[in-house]
Amino acid sequence: MDDMKLEIPSPAADELFFAEEHESTPLRLLPGWKLLIVDDEEEVHVITKMVLEGLTFSGRGLTFLSAHSGAQARDILREHCDIAVILLDVVMETGQAGLELVEFIRSGLGNRTSRIILRTGQPGQAPEREVITRYDINDYKHKTELTAQKLFSTVTTAIRSYRDLNVIEKSRQGLNLIISSTKGLFERRNMALFARGVLDQMSSLLRVNEDCLFLHSPSGFAATVSQGDIAVLAGTGEFSHCGPIDAACVLDDNVTRVLQRALRHKCGVFAEDSFVQYFRSRRGSENLLYFRLDRSLSPFERRLVEVFSGNVAIALDNMLLNTELLHAQKEIILTLGECVESRSKETAGHVRRVSECCRLLALRLGLDDAEVDLVRLASPMHDVGKIGIPDSILLKPGKLTGEEFEVMKTHTLLGHQILKGSSRPIMQAAAVIAHEHHERWNGGGYPRGLAGEGIHLFGRIVCLVDVFDSLLSRRVYKEPWPLEQVRDFILAERGEMFDPHMVDTLMSGLDSFVVIRQEFPD
Ligand SMILES: [Fe+2]
Ligand SMILES: [Fe+2]
């Protein structure tokens, strides 16, 4: 397995779960331990198979693989990465063919778990001391020394240590996966994405224990309980069609029964052919993770599932808390924006429309999700500085005098002053927007006369959206303009007041912006 970047403490031996040698009957017939015989004498193959035929270990028999040369063995080893024991001749096509194969297995393939037993007929060719020191082999036997009974016990011992090494390796992989996947879960921003992430990570975890290639993709789904009903959020494998979109996804009785059991006992359930993990958030919402299996999980696998689920529960709480915080922030910001709006007697709904239109424009401009959210949340505060403008100017019907207009302009600086103290990303974005939403693309705006891309992207977005919505609305100093006239005005200001690319983006989706106006009417 690849070396992962994360360092994890290797678990103490007593924390690992070695399977009992007489496990409960498995649901399907377990595949045999793979034993590779590499020898250029056909007779050796025949005798070895005869001697080892009836060997079983931990409920599994043997599956024989045969190679008559080093070259043939390489092909087989490339194809099978789960060979438990290799009985290896030294002298084959060359005097060193067997030893070269050891090099290939350990260094070339990076396989350190297959147990290698060297069998040689000509001890002089490969002196035991030198070979054991130089090559990574596990046993060295002279062919004459290997009686039937000896071969039987040597192979049994080798399989046992292969199995134990594998358990250690799988637990290392599993723990690595849990550590690296948990970080990913903490970054998920909503419930649907979170559910998807948990499913993907749990699938990988279940595949860790496949002996070799990841052949089977497990089937399962994540669900939440709403008003007593189980609603699937996302599915994988057989359940991949399930999800919020496919309400018709009906769960069969067996599945529902295990889910109900988990809900009744408020804890995870491991059944013969499936398992459920139960998560209750701090606010009391109940969530379930179901997986169908084609065999029951070993104690070690159950433990991995539980450790992972423990992390999921923490990540879930974290995500719900974050969402709640964001909602609270959004409400506060909107309320603040609306206070300013009502004081300056602007039309009701202006800040909500600006917020939604900014979101849409940012989306159409191809900004990433985090930026789209930021501009949507921060834009309602663009005029917060108006709380420092005297009523005589703010509420004056008709045109402002030059002097009054100079005072009015200071709302950008005041807003910036009010908001810039916070280190929260939303507040920082709001500070930039308050500062720059009256700058013009051609450099003729205020307060700083910034131009082109020197004006922050958010400033340019809010500038266009603010004017667009204000022109369509009634103000103390003007009647609403018809849409035609607004469009002409914005097109005339393309490259003057507004970023030309943004004007094109707004115009190409004008209908959807008009729909937002209808959703939040004056
Ligand atoms: Fe403004
Ligand atoms: Fe505005």
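The values are calculated or read from the model by the stated rules, or taken from the named source; none is laboratory data. Small disclaimer: the values here were computed from a predicted structure and weren't measured. Here Cβ is always computed from backbone atoms with ideal geometry, including for glycine, and neighbour counts include all displayed protein chains.
Regarding SER355, is this residue in a helix (DSSP H, G or I), without any contact (Cβ under 8 Å) to a residue 40 or more places away in the chain, within 13 Å of ligand 2 (Cβ to nearest atom) and not charged (D, E, K, R)? Walk me through it before giving the result.
Values: in a helix (DSSP H, G or I): yes; without any contact (Cβ under 8 Å) to a residue 40 or more places away in the chain: yes; within 13 Å of ligand 2 (Cβ to nearest atom): yes; not charged (D, E, K, R): yes.
Here the answer is yes, as SER355 does meet what is asked.
Does any residue in the range 321-346 that is under 30 Å from GLY284 (Cα atoms) come within less than 7 Å, Cβ to Cβ, of a residue that is at pLDDT 80 or above and within 14 Å of ligand 1 (Cβ to nearest atom) six or more places away or on a different chain, and which pairs are these?
From residues that are under 30 Å from GLY284 (Cα atoms), the pairs are ILE333/PRO380; ILE333/MET381; LEU334/VAL351; LEU334/PRO380.
Inspect the range 167-179 for any residue being under 30 Å from GLY243 (Cα atoms) and touching a Phe, Trp or Tyr at 6+ places or on another chain (Cβ under 7 Å) and give the result as yes or no.
yes
Which one is nearest to ligand 1 (Cβ to nearest atom) among residues in the range 353-372 that are surrounded by 19 or more Cβ atoms within 10 Å (Cβ to Cβ) and either of a type in the set (Lys, Arg) or at pLDDT below 90 (or both)?
ARG353
Given the options GLU338, GLU301, GLU331, GLU306, name the one that is within 16 Å of ligand 1 (Cβ to nearest atom) and either part of a helix (DSSP H, G or I) or of a type in the set (Lys, Arg) (or both). Talk me through it step by step, then tell me what you get.
Numbers: GLU301 fails: within 16 Å of ligand 1 (Cβ to nearest atom); GLU331 fails: within 16 Å of ligand 1 (Cβ to nearest atom); GLU306 fails: within 16 Å of ligand 1 (Cβ to nearest atom).
Selected residue: GLU338, the only one of GLU338, GLU301, GLU331, GLU306 that is within 16 Å of ligand 1 (Cβ to nearest atom) and either part of a helix (DSSP H, G or I) or of a type in the set (Lys, Arg) (or both).
I'd like the full set of residues that are over 17 Å from ILE230 (Cα atoms) and buried (at least 18 other Cβ atoms within 10 Å of the Cβ), limited to the range 260-275.
Pass one, the range 260-275, residues over 17 Å from ILE230 (Cα atoms): 270-274.
Within the range 260-275, just SER274 meets the criteria.
Out of everything in the range 313-352 that is of a type in the set (A, V, I, L, M), over 16 Å from ASP466 (Cα atoms) and within 16 Å of ligand 2 (Cβ to nearest atom), what residue ends up being surrounded by the fewest Cβ atoms within 10 Å (Cβ to Cβ)? Spell out how you get there, then give the answer.
Taking the range 313-352 first, the residues of a type in the set (A, V, I, L, M) are 313-316, 319-321, 325-326, 328, 332-334, 336, 340, 348, 351.
With over 16 Å from ASP466 (Cα atoms) added as a condition, the list becomes 313-316, 319-321, 325-326, 328, 332-333, 336.
Those left that are additionally within 16 Å of ligand 2 (Cβ to nearest atom): 333, 336.
Values: ILE333: 22, LEU336: 17.
Among them, the one singled out is LEU336.
Given the criteria more than 15 Å from ligand 2 (Cβ to nearest atom), under 20 Å from LEU472 (Cβ atoms), out of contact with any strand residue (DSSP E or B) (no Cβ under 8 Å at 6 or more places or on another chain) and assigned to a helix (DSSP H, G or I), does LEU360 qualify? First the steps, then the outcome.
Details: more than 15 Å from ligand 2 (Cβ to nearest atom): yes; under 20 Å from LEU472 (Cβ atoms): yes; out of contact with any strand residue (DSSP E or B) (no Cβ under 8 Å at 6 or more places or on another chain): yes; assigned to a helix (DSSP H, G or I): yes.
Answer is yes for this residue.
Give me a count of the residues in the range 507-519 that are closer than 14 Å to SER470 by Cβ and either touching a Gly at 6+ places or on another chain (Cβ under 6 Å) or not charged (D, E, K, R) (or both). Walk me through how you get there before you give the answer.
Within the range 507-519, the first condition is being closer than 14 Å to SER470 by Cβ, and the residues that meet it are 513, 517.
Now restrict to residues that are either touching a Gly at 6+ places or on another chain (Cβ under 6 Å) or not charged (D, E, K, R) (or both): 513.
Matching residues across the range 507-519 total 1.
So, of the residues in the range 408-430 that are buried (at least 21 other Cβ atoms within 10 Å of the Cβ) and within 14 Å of ligand 1 (Cβ to nearest atom), which turns out to be nearest to SER344 (Cα to Cα)?
HIS411
Between residues in the range 409-431 that are away from ligand 2 (no atom under 14 Å from the Cβ) and residues that are basic (Lys, Arg), which pairs lie under 9 Å by C-beta distance while being six or more apart or on different chains?
Close Cβ pairs (under 9 Å, with a partner that is basic (Lys, Arg)) amount to LEU414/LYS386; ILE426/LYS330; MET427/LYS420; GLN428/LYS420; ALA431/LYS420.
Hey, could you check the range 451-491 for residues that are within 27 Å of LYS396 (Cα to Cα) and either in contact with a Gly (Cβ under 6 Å, 6 or more places away or on another chain) or among the small types (Gly, Ala, Ser) (or both) and say which is modelled with the lowest pLDDT?
TYR477
Tell me the residue from LEU491, LEU457 that is out of contact with any Asp or Glu (no Cβ under 6 Å at 6 or more places or on another chain), more than 22 Å from GLU371 (Cβ to Cβ) and among the hydrophobic types (A, V, I, L, M, F, W, C), please.
Details: LEU457 fails: more than 22 Å from GLU371 (Cβ to Cβ).
Among LEU491, LEU457, only LEU491 is out of contact with any Asp or Glu (no Cβ under 6 Å at 6 or more places or on another chain), more than 22 Å from GLU371 (Cβ to Cβ) and among the hydrophobic types (A, V, I, L, M, F, W, C).
Which ranges mark the helices (runs of 4 or more DSSP H) fully within the range 450-511 that have 2 or more residues being away from ligand 2 (no atom under 16 Å from the Cβ), in contact with a helix residue (DSSP H, G or I) (Cβ under 8 Å, 6 or more places away or on another chain) and in contact (Cβ under 8 Å) with a residue 24 or more places away in the chain?
Details: elements: 457-472, 483-492, 500-508.
Per the criteria, 500-508.
Do we have GLU272 as acidic (Asp, Glu) and touching a Ser or Thr at 6+ places or on another chain (Cβ under 6 Å) here?
Working: acidic (Asp, Glu): yes; touching a Ser or Thr at 6+ places or on another chain (Cβ under 6 Å): yes.
Judged against the criteria, GLU272 is a match.
Here is a yes/no grid of residues against (1) under 23 Å from LEU365 (Cβ atoms); (2) touching a Ser or Thr at 6+ places or on another chain (Cβ under 8 Å):
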residue	(1), (2)
SER392	no, no
LEU395	no, yes
GLU403	no, no
THR410	no, no
GLN428	yes, yes
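Inspect the range 390-402 for any residue being in contact (Cβ under 8 Å) with a residue 60 or more places away in the chain, within 16 Å of ligand 2 (Cβ to nearest atom), surrounded by fewer than 22 Cβ atoms within 10 Å (Cβ to Cβ) and on the phi < 0 side of the Ramachandran plot and give the result as yes or no. Write out each step before concluding.
First, pick out the residues of the range 390-402 that are in contact (Cβ under 8 Å) with a residue 60 or more places away in the chain: 395-399.
Subsequent filtering for residues that are within 16 Å of ligand 2 (Cβ to nearest atom) retains 395.
Checking which are surrounded by fewer than 22 Cβ atoms within 10 Å (Cβ to Cβ) leaves us with 395.
After this cut, where a residue has to be on the phi < 0 side of the Ramachandran plot as well, the list is 395.
There is at least one residue in the range 390-402 that is in contact (Cβ under 8 Å) with a residue 60 or more places away in the chain, within 16 Å of ligand 2 (Cβ to nearest atom), surrounded by fewer than 22 Cβ atoms within 10 Å (Cβ to Cβ) and on the phi < 0 side of the Ramachandran plot.
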